[in-house]
Amino acid sequence: MDYKHYIAQHLVCEGISPESIEEALTVPPDTNMGDYALPCFKFAKALRKSPVLIAEQLRDGYVTDGVIAEVSAVNGYLNFKVDRAGLARDVLARVRSERERYGGSHMGEGKTICIDYSSVNIAKPFHIGHLSTTVLGGALYRIFRFLGYHTVGINHLGDYGTQFGKLIAAYKHWGNREEAEKGGIHAINDLYVRFNKEADEAMQAEAREYFRLIESGDKEANELFEWFKSLTLDYVKKIYDKLHVTFDSYAGERFYTDKMAPVIEELREKGLLKESNGAQIVDLEPYGMPPCLILRSDGASLYATRDLAAAIYRKKTYDFDKCLYVVAYQQNLHFRQVFKVLELMGKEWAKDLVHVAYGMVSLEDGAMSTREGKVVWLEEVLDRCVEKAYSVINEKNPSLQNKEEIAQTVGVGAVIFGALYNNKIKDIVFSYDKALNFDGETSVYVQYTCARASSVLNRARAEGTTWDAVQDVQPCVQEFELLKAIAEFPDTVLAAAKNYEPSYVARYCVDTAQKFNKFYFDCKILQAEDEETRAFRLALTEATLMTLSNALGLLGIGVPDQM
Ligand code: ARG
């Protein structure tokens, strides 16, 4: 419930817009006066009345209801008291009935959203640079699904190009089946790196020939290619499992091999194709962009050509309402070009394509580099964070059971949260120590808060207490703040979806955990003064736990029962 908005909509004041009222509303430092206050001196000039008079007249005109319980005018301020008991009743009942669904809705029903994310390159390292696209895309996937949308996760594999010819040439010279099977993607990547370092002109020619063989459907070349592909996918799928991301389609660039010709034909028919130095382009100069290259002078297609075919295929196959591309900002121009070309082709749905751009991730201990040999594999980062999580947990609570499992949830969660906590377009520097700080703005802090809530509830259950029949209770400030936070969850999810910003959910988690901890330390839960208060506080604790679990779950982060 957005109270400021609610009040602004219900306060009738001729000559002042609801927007300016909403903007002027404040939260007084002393909540005994009220939960919200409107300083009327702000409107004195416009209304040509004294603030005292304005406040009194507004008070007389305001009709209280189940949301605002009391309105008073004091010294030119109009004070509002929220019906806290009503809020408590509504919020607790809603969380209790919706449980795992609390925060979601049905608003997206009947609508489809395609999300192109992670989109790994076959036989290339799955490195820290892929972290953001994978976890951002995964979070958006779950957020939209939570809102009732039909979501299609697409891994637009980078499986097209001359590098596969190089790889086969390198494999034929230096590789063997056994080593590649054992070393998996690492062994394959080593071959590729070695080719780039050592290949002479003869080997380069061989590579071109192998690429041609793949293209022309040669059996052996294609078998090798498929094998490299499956080794890569087996490898990345293990990481996807750890990060809790899934895909509905692995249709990569190669999939569009036979789908480009009709697109090129359509471009030609519509008079959009131009020749330039032997290449085929779409001129985008009138739109302030360099031309979009469609076919090279040797007739080869390009990354953009395949993206054009992919967008058309997705529209035809899924009839999406939106198609998101979760790709680094380095590709801003590429997507602007592709979207523009589709628009020029008369695809009215080009407006539904969205490039969800994000910034770079680097590690605190040395910038990441994708240049040969110096790559930071995502797997290493995850493993290392899990290891560190284990030692932190072991130190804090040596007698804990399932330490390995908990360390896994905590460590992986810290990497995900680290990538999602900031506005997505910002470049971030990942630090293991900061990510695993129990008192920081971290997933560990939120998980620890959840474990604390679980332990209170478990103790109460062990005593045989139940708390489902909470009566009317007048919440204190800490309880009220926490209730408001819980009530804000559905709007937070909505805003995260609207702005493609899972960071809203991540920040929400920290903020709500802080409010819970304030409540936990200031108010006695199990030792509450009477039965009714105790039941109410337990219900509030349970609602917090449910909400935080849902929120972390949207980010792909689990919640251990104990820590
Ligand atoms: N594989 C590409 C890369 O690593 C990302 C592909 C993004 N998706 C797309 N439809 N272009 O840069």
Discussion item. Among the numbered criteria (1) within 16 Å of the ligand (Cβ to nearest atom); (2) in a helix (DSSP H, G or I), which one does N222 miss?
Written reply: (1)
Fill in: Scan of segment 103-113 for residues that are touching a Phe, Trp or Tyr at 6+ places or on another chain (Cβ under 6 Å) and either within 10 Å of the ligand (Cβ to nearest atom) or assigned to a loop (DSSP other than H, G, I, E, B) (or both), ordered by number
G103, G104, G108, K111
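Working only within segment 457-489, note down all residues that are in a loop (DSSP other than H, G, I, E, B), open to solvent by less than 80 Å² (accessible area, probe 1.4 Å) and of a type outside the set (V, I, T). First the steps, then the outcome.
Initially, segment 457-489 is screened for residues in a loop (DSSP other than H, G, I, E, B), giving 463-476.
Right, trim to open to solvent by less than 80 Å² (accessible area, probe 1.4 Å) and you get 464-465, 467, 469-470, 473, 475-476.
Listed by number, the residues that qualify are G464, W467, A469, P475, C476.
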Discussion item. If I filter segment 126-139 for residues that are outside any helix (DSSP H, G or I) and either within 15 Å of the ligand (Cβ to nearest atom) or surrounded by 24 or more Cβ atoms within 10 Å (Cβ to Cβ) (or both), do I get at least one hit?
Written reply: yes
Practice prompt. Scan segment 318-341 and report the pairs whose first residue is within 23 Å of G108 (Cβ to Cβ) and away from the ligand (no atom under 12 Å from the Cβ) and whose second residue is in a helix (DSSP H, G or I) and modelled with pLDDT of 95 or more, with Cβ atoms within less than 7 Å and a gap of 6+ or a chain change.
Written response: F320/R314; F320/D352; D321/D352; K322/D352
Fill in: Odd one out for V245 among (1) in a helix (DSSP H, G or I); (2) within 33 Å of the chain's Cα centre (by Cα)
(1)
Worksheet, complete the sentence: Exception for D258 within (1) exposed (fewer than 12 other Cβ atoms within 10 Å of the Cβ); (2) on the phi > 0 side of the Ramachandran plot falls at (2)
Item to complete: Search segment 215-237 for residues being open to solvent by 40 Å² or more (accessible area, probe 1.4 Å) and over 31 Å from the mean Cα position of the chain (by Cα), and hand back the single one that is nearest to I154 (Cα to Cα).
Response: E226
Item to complete: Could you grab me the full set of residues in segment 28-56 that are under 23 Å from E488 (Cα atoms) and either in contact with a helix residue (DSSP H, G or I) (Cβ under 9 Å, 6 or more places away or on another chain) or of a type in the set (S, T, N, Q) (or both)?
Response: T31, N32, D35, Y36, L38
Response to the item:
Within segment 2-17, residues within 22 Å of T492 (Cα to Cα) and open to solvent by 40 Å² or more (accessible area, probe 1.4 Å) come out as D2, K4, H5, Y6, Q9
Discussion item. Among the residues that make up segment 158-175, is at least one of them open to solvent by 30 Å² or more (accessible area, probe 1.4 Å) and under 30 Å from the mean Cα position of the chain (by Cα)?
Written reply: yes
Item to complete: Quick one: which residue in R99, R89, R142, R59 is on the phi > 0 side of the Ramachandran plot and more than 16 Å from the ligand (Cβ to nearest atom)?
Response: R99
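Taking strands (runs of 3 or more DSSP E) that fall entirely within segment 271-332, which contain at least 2 residues that are crowded, with 16+ Cβ neighbours inside 10 Å?
Values: elements: 273-276, 279-282, 292-295, 322-328.
Result: 279-282, 292-295, 322-328.
Can you confirm whether A251 is within 23 Å of C323 (Cα to Cα), within 13 Å of the ligand (Cβ to nearest atom), small (G, A, S) and not in a helix (DSSP H, G or I)?
Working: within 23 Å of C323 (Cα to Cα): yes; within 13 Å of the ligand (Cβ to nearest atom): yes; small (G, A, S): yes; not in a helix (DSSP H, G or I): yes.
It is true that A251 is within 23 Å of C323 (Cα to Cα), within 13 Å of the ligand (Cβ to nearest atom), small (G, A, S) and not in a helix (DSSP H, G or I).
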Response to the item:
Within segment 75-96, residues being of a type in the set (A, V, I, L, M, F, W, C) and open to solvent by 40 Å² or more (accessible area, probe 1.4 Å) number 1
Worksheet, complete the sentence: Log entry, pairs with first residue in segment 98-122 being under 26 Å from V327 (Cα atoms), second being basic (K, R) and within 11 Å of the ligand (Cβ to nearest atom), beta carbons closer than 7 Å, six or more apart or on different chains, reads C114/R314
Practice prompt. Return a yes/no flag: does segment 121-128 have any residue that is among the small types (G, A, S) and at pLDDT 95 or above.
Written response: no
Practice prompt. Determine which member of the set V415, V375, V429, V356 is surrounded by fewer than 17 Cβ atoms within 10 Å (Cβ to Cβ) and either in contact with a strand residue (DSSP E or B) (Cβ under 9 Å, 6 or more places away or on another chain) or not in a helix (DSSP H, G or I) (or both).
Written response: V429
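The values are calculated or read from the model by the stated rules, or taken from the named source; none is laboratory data. Please read all numbers here as calculations on a predicted model, not as lab measurements. All Cβ positions, glycine included, derive from the backbone under ideal geometry; neighbour counts span all protein chains shown. Accessible surface is based on the protein model in full, side chains and every heavy atom, while ligands, DNA and RNA are left aside. Shrake-Rupley method; radii C 1.70, N 1.55, O 1.52, S 1.80 Å.
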